[in-house]
Amino acid sequence: MSQTVETLENFYKTPMGDAARAGALRRLHALWPHLEGRDVLGYGYSLPYLKSYKTGAHRTVYAMPSLQGVVRETSPRGNRSVLVSEAQLPFVPGVFDRVLVAHGLEETPKLAVLLRELWRVMKPEGRIVIIVANRSGLWARSDKTPFGAGRPFSRRQLSQALKAAGFVPVVRAGALYCPPINALCGKRTAGAFEKFGETVWPGFSGLVLVEALKRMYVSGEGRQRKKILRPQFGTGGVLGAAGKTHNAFEQRQDIRVIGR
């Protein structure tokens, strides 16, 4: 059963929710110090993270998948939240400078389709940050939190999924090292766990964050070989006796052409 917005709202009112938000925001604010002047899309349940920015974005839209439900979020300009189908986001191409995904990938049955849709609605050189449960961490094993539902990811798995959708991963990080127990998730305790975890066992964080770019040119991973052709100089004309065009070039050497 999918996590609902009511479940997620209630979770972020608990000490565990506070610890998850603080741990992820510590990393997110290092990547995105401000969003001023940006057009921002939050996919999934990103309210606890995007609301933390003191300097406002030019425009922020919260897109929530249909199985999860939607929370009403308004601004002086009108409604900012919308219920969406992950297979077809209701936005024209190239709209958003920044995209944040939280509680949006773990339970989707159409991961590749969703990532391509997010790629489509981003501007060239736009940046996306995805927050997911770490498959090696304790939080993915606990059914007391929303991070224990659905599919967890390793940093490598998430990076590969982003690459397959056309993104270029640039930063991978972990966050949330305290155990998923309310009594151990107070601010002082959770802060101590964060410092200890980042130093001693960084691979066992509760959350994984990956930042990636939308690049319009294609990476070299799909490079193909193509022949360079050299003109063949001779005494004969271009047209043969039968009036057919002859190939005036011959193969010379290989080059690498960037392609998908």
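The values are calculated or read from the model by the stated rules, or taken from the named source; none is laboratory data. None of these values were measured; they are calculated from a predicted model. Using ideal geometry, Cβ is built from the backbone for each residue, glycine included, and neighbour counts are taken over all protein chains shown.
Mind listing just one residue for me: the one in segment 174-190 that is in a loop (DSSP other than H, G, I, E, B) and over 13 Å from L138 (Cα atoms) and, of those, farthest from the chain's Cα centre (by Cα)? I'd like the intermediate steps shown before the answer.
Here is the first cut: in segment 174-190, the residues in a loop (DSSP other than H, G, I, E, B) are 176-181, 185-186.
Now restrict to residues that are over 13 Å from L138 (Cα atoms): 185-186.
Numbers: C185: 27, G186: 29 Å.
Applying the filter and picking the extreme gives G186.
Yes/no matrix, rows are residues, columns are (1) under 16 Å from the mean Cα position of the chain (by Cα); (2) touching a residue at least 60 places away in the same chain (Cβ under 8 Å):
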{"residue": "T4", "(1), (2)": "no, yes"}
{"residue": "P33", "(1), (2)": "no, no"}
{"residue": "S46", "(1), (2)": "yes, no"}
{"residue": "Y53", "(1), (2)": "no, no"}
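For the structure I just gave you, tell me whether G148 is small (G, A, S), assigned by TED's automatic domain parsing to the domain that holds P109 and either crowded, with 23+ Cβ neighbours inside 10 Å or touching a Gly at 6+ places or on another chain (Cβ under 8 Å) (or both).
Working: small (G, A, S): yes; assigned by TED's automatic domain parsing to the domain that holds P109: yes; either crowded, with 23+ Cβ neighbours inside 10 Å or touching a Gly at 6+ places or on another chain (Cβ under 8 Å) (or both): no.
No; evaluated as a whole, the condition is false for this residue.
Look at (1) surrounded by 14 or more Cβ atoms within 10 Å (Cβ to Cβ); (2) at pLDDT 90 or above; (3) more than 30 Å from E125 (Cα to Cα) and you find that G191 fails only one, number (2).
Can you work out which of the residues in segment 55-74 that are part of a loop (DSSP other than H, G, I, E, B) and hydrophobic (A, V, I, L, M, F, W, C) is farthest from K110 (Cα to Cα)?
At the first step, the residues of segment 55-74 found to be part of a loop (DSSP other than H, G, I, E, B) are 55-56, 58, 66-73.
Imposing the further condition that a residue be hydrophobic (A, V, I, L, M, F, W, C) reduces the set to 67, 70-71.
Details: L67: 13, V70: 19, V71: 23 Å.
Ranking the candidates gives V71 first.
Among the criteria (1) out of contact with any helix residue (DSSP H, G or I) (no Cβ under 6 Å at 6 or more places or on another chain); (2) more than 23 Å from L114 (Cβ to Cβ); (3) surrounded by fewer than 21 Cβ atoms within 10 Å (Cβ to Cβ); (4) touching a residue at least 12 places away in the same chain (Cβ under 8 Å), the one N182 does not fulfil is (1). Looking only at residues in segment 133-152 that are in a loop (DSSP other than H, G, I, E, B) and out of contact with any Pro (no Cβ under 9 Å at 6 or more places or on another chain), the one that is farthest from Q3 (Cα to Cα) is P152.
Just checking, how many residues over segment 153-165 are buried (at least 17 other Cβ atoms within 10 Å of the Cβ) and at pLDDT 95 or above? Reasoning before the result, please.
Taking segment 153-165 first, the residues buried (at least 17 other Cβ atoms within 10 Å of the Cβ) are 153, 155, 158-159, 161-162, 165.
Next, only the ones that are at pLDDT 95 or above stay: 153, 158-159, 161-162, 165.
Qualifying residue count for the region: 6.
Inspect all residues belonging to segment 31-51 and state whether any of them is surrounded by 19 or more Cβ atoms within 10 Å (Cβ to Cβ), at positive phi, assigned by TED's automatic domain parsing to the domain that holds S159 and not in a strand (DSSP E or B). No, every residue in segment 31-51 fails to be surrounded by 19 or more Cβ atoms within 10 Å (Cβ to Cβ), at positive phi, assigned by TED's automatic domain parsing to the domain that holds S159 and not in a strand (DSSP E or B). For the subset of segment 75-132 comprising residues that are of a type in the set (F, W, Y) and either buried (at least 22 other Cβ atoms within 10 Å of the Cβ) or in a helix (DSSP H, G or I) (or both), which member is farthest from the chain's Cα centre (by Cα)? The qualifying residue farthest from the chain's Cα centre (by Cα) is F96.
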